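> One structure, as structure tokens, below. Some questions next.
The values are calculated or read from the model by the stated rules, or taken from the named source; none is laboratory data. Here the structure is a predicted model, which is why all the values come from computation and not from measurement. Neighbour counts are summed over all protein chains in view; Cβ atoms, including those assigned to glycine, are modelled from backbone coordinates with ideal geometry. Calculation scope for accessible area: heavy atoms of the full protein, side chains included, ligands and nucleic acids excluded. Shrake-Rupley method; radii C 1.70, N 1.55, O 1.52, S 1.80 Å.
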Amino acid sequence: MNLYIRLLILIIRGIFFKPRVTDLMAVQSLQFRVLPNDLDSNMHMNNGRYLTIMDLGRFDLILRNGLLRAMIKRKAIPVLASVSTRYRISLAPFEPYRLETRVICWDPKWVYMEQRFVITKGKKAGAVAAIALVKGGFYDQVAKRTVPTEELLGIIGMKFKSPPMPDHVRGWVEAEDALRGVTAE
């Protein structure tokens, strides 16, 4: 239930209180605290909850840059194609943290983002608890295709080339692409 409450708060803040995102490359931040239903049996934030919280960070970005509204009208939904997460430090009960979401680069089909969980108080303040690389886009349910990135950028009035793909992202994309041919045995 707390995820619905977090989502509702995010929508209200994003529509009424936070500024529109005009710089696609800027880091967007959300503040959270580890709640009791975020915990697993080891009494730290569950690894699956990180992925759910990351959804909120990406939702905030597309809500505030205007892309969500345009895609809803078009009957296109956000999709996640791949994610790789490195868990570094456990997040303890009630520990405050900041989720940072930023676009790194894009190709004709996908947008590549980085999401970081940064501890905000205590002895570990400033430490990165987890970091993830994310590959996502929008799926047009009418046209039955992924919306090209150039089209997405045009919708929000951003017509510029992608920054060069960093080596670590390129390596991850190549490794992820290699998994396409893997089947169950």
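> Just one of the numbered conditions (1) open to solvent by less than 40 Å² (accessible area, probe 1.4 Å); (2) over 11 Å from the mean Cα position of the chain (by Cα); (3) of a type in the set (Gly, Ala, Ser) is not true of GLY136; which one?
(2)
> Next question, about the same structure. Quick check on ARG98: is it more than 29 Å from ARG180 (Cβ to Cβ), charged (D, E, K, R) and either open to solvent by 40 Å² or more (accessible area, probe 1.4 Å) or in contact (Cβ under 8 Å) with a residue 40 or more places away in the chain (or both)?
yes
> May I ask you to list the residues in region 151-185 that are within 18 Å of PRO108 (Cβ to Cβ) and either exposed (fewer than 13 other Cβ atoms within 10 Å of the Cβ) or without any contact (Cβ under 8 Å) to a residue 24 or more places away in the chain (or both)?
Passing the criteria: GLU151, GLY154, LYS159, PHE160, LYS161, PRO163, PRO164, ARG170, GLU174, ASP177, ARG180.
> Identify the residue in region 5-20 that is outside any helix (DSSP H, G or I) and modelled with pLDDT of 80 or more and, among all such residues, is farthest from ASP38 (Cα to Cα).
My answer is ARG20.
> Considering only region 32-72, state which residues are in contact with a Phe, Trp or Tyr (Cβ under 8 Å, 6 or more places away or on another chain), within 17 Å of PRO96 (Cβ to Cβ), open to solvent by 40 Å² or more (accessible area, probe 1.4 Å) and not charged (D, E, K, R).
Within region 32-72, just LEU35 meets the criteria.
Results for (1) among the small types (Gly, Ala, Ser); (2) within 24 Å of ALA26 (Cα to Cα); (3) more than 13 Å from the chain's Cα centre (by Cα), shown as yes or no for each residue.
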site: LEU67; (1), (2), (3): no, yes, yes
site: VAL103; (1), (2), (3): no, yes, no
site: PRO108; (1), (2), (3): no, yes, yes
site: VAL118; (1), (2), (3): no, yes, yes
site: GLN141; (1), (2), (3): no, no, yes
site: THR149; (1), (2), (3): no, yes, yes
site: PHE160; (1), (2), (3): no, yes, yes
site: LEU179; (1), (2), (3): no, no, yes
site: VAL182; (1), (2), (3): no, no, yes
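> Would you check if there is a residue in region 73-89 being surrounded by fewer than 16 Cβ atoms within 10 Å (Cβ to Cβ), in contact with a strand residue (DSSP E or B) (Cβ under 9 Å, 6 or more places away or on another chain) and free of Cβ contacts under 8 Å to residues at least 40 places away in the same chain?
Within region 73-89 (the criterion being surrounded by fewer than 16 Cβ atoms within 10 Å (Cβ to Cβ), in contact with a strand residue (DSSP E or B) (Cβ under 9 Å, 6 or more places away or on another chain) and free of Cβ contacts under 8 Å to residues at least 40 places away in the same chain), the answer is no, since none of the residues qualifies.
> Return yes or no: is ILE53 over 21 Å from ALA125 (Cα atoms), in a helix (DSSP H, G or I), of a type in the set (A, V, I, L, M, F, W, C) and in contact (Cβ under 8 Å) with a residue 24 or more places away in the chain?
Here the answer is no, as ILE53 does not meet what is asked.
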